[in-house]
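Scroll down for the structure; my scribbles are underneath it.
The values are calculated or read from the model by the stated rules, or taken from the named source; none is laboratory data. Note that the structure is a prediction, hence the values are computed from the model and not measured. Surface areas here come from the heavy atoms of the whole protein model, side chains and all, with no ligands, DNA or RNA. Shrake-Rupley method; radii C 1.70, N 1.55, O 1.52, S 1.80 Å.
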Amino acid sequence: ADALGYPSDQGGVWVCICGRPNPSGSGECARCERDKHDVFTLYNAAAIEKIIIEQDNALEEKERQQREEGERLLRAQQEKEKKKQKVRKRLTIGLASAVLLSAAGYGIYFHGIPAYRYHQAEQRLLLGEYEAARTAFADLKEYRDSPQRVLESEYESAKSAMATGTLTSLKTAQDIFDSLKDFQDSATLSKQARYERAKTLRGSGEYEEALQLFEEIKDYGDTQEQINITHYRWANNLMENLRYQEA
């Protein structure tokens, strides 16, 4: 940060990167106390140019990886849409068959229709239409294992929200997992949602809110280390803003 230019050897004196002229026989700068050999080997124009090139290459590689990831996600989305279309086609065929069967008589009306609605709800769950599936299973009340499938629909909805990874979706996932309590691994996923949300908040500079969430799950994974990292980054941020006492 104190560099004013590249080092130079002017015969009787050598000039440090901090701008201080020093006698040619002096092994370190009289101002910044840098070693003369280090100054000329680490901070010459070629060395700095090499660092810049390496940073540019790293940036280009990161952009390439981001492009590839974007293309991968697009392909995955297209494949998912194709699967949905196939399931919808089967669902339509199933609906037509169920309507024909329902006309067969009284027994089918009271037993076939709930079975079809149950099947339809299952298909919606497979399609990722979690809210529609939850409503459909709830409407079936005690038919077969519908109450459990209501919980499963909510569980899958929460997992989908957590995978989205935004602050809003992570909060939604957290709330749903909290409401599911002991259903499958909801208690663990609730902690994971808080963990990811805290890291996202920290990344956007919301250090205090991030710490509050980390404190709620001290026993989860490397949370204690994440608490220390958050304090450290918060302090660095305060120093950068010249708030040294708070830092």
Revision key, fill the gap. The long-range amide H neighbours of residue 28, using H built 1.01 Å from N in the peptide plane and a cut-off of under 5 Å, are 36
Check your understanding: How big is D, in µm² s⁻¹, for segment 38-94 by Stokes-Einstein at 37 °C and 0.692 mPa s if Rh is the Kirkwood radius over C-alpha pairs?
Key -> 214 µm²/s
Study note, to complete from the structure: Rounded to a whole %, the carbon-and-sulfur portion of the accessible area of segment 42-192 at a 1.4 Å probe is 55 percent
Point to revise | GNM result for the chain, Cα springs below 10 Å: residue of 73, 140, 167 fluctuating most strongly | key: 73
Review point. At a probe radius of 1.4 Å, what is the per-residue accessible area of residue 14, in Å² to the nearest 10?
Key: 0 Å²
Point to revise | the chain - percent relative contact order, Cα under 8 Å, separation 6 or more | key: 7 percent
**Study point:** Where Cα atoms sit under 21 Å apart: lysine pairs in segment 124-247 separated by 8 or more or lying on different chains
**Key:** 14
Check your understanding: When N counts the residues of segment 17-159, how does its alpha-carbon radius of gyration compare numerically with 2.2 N^0.38 Å, as a ratio?
Key -> 2.35
Check your understanding: With springs only between Cα atoms under 10 Å, which of 190, 26, 157 fluctuates most in a Gaussian network model of the chain?
Key -> 26
Revision key, fill the gap. Candidates 208, 69, 28; GNM for the chain (alpha-carbon contacts under 10 Å) flags as most fluctuating 28
Review point. What is the set of long-range amide H partners of residue 18 at a cut-off below 5 Å, with H atoms built 1.01 Å from backbone N?
Key: 4
Exercise for review: Using only Cα atoms, figure out Rg for segment 144-232 and give it as a multiple of 2.2 N^0.38 Å.
Suggested key: 1.16
Review point. Using modelled amide H (1.01 Å from N, peptide plane; none on Pro or chain starts), what sits under 5 Å from the amide H of residue 8, excluding residues fewer than 5 places away?
Key: 15
Check your understanding: Once phi is turned into ³J(HN,Hα) by the Karplus curve 6.51 cos²θ - 1.76 cosθ + 1.60 with θ = phi - 60°, what whole-Hz value does each residue of segment 121-126 show in order, with x for glycine and proline?
Key -> 5, 4, 5, 5, 5, 5
Practice item. Could you work out the Rg to Rh ratio of the chain, with Rh taken as the Kirkwood radius (inverse of the mean 1/r over all Cα pairs)? Key: 1.28
Review point. Short version: ³J(HN,Hα) in whole Hz for each residue of segment 89-96, in order, from phi by Karplus 6.51 cos²θ - 1.76 cosθ + 1.60 (θ = phi - 60°), x for Gly and Pro, what are they?
Key: 4, 5, 5, 5, 5, x, 5, 4
Study note, to complete from the structure: Rounded to whole Å², per residue accessible area for the chain with a 1.4 Å probe reads 66 Å²
Review point. Residue 177: accessible area at probe 1.4 Å, nearest 10 Å²?
Key: 0 Å²
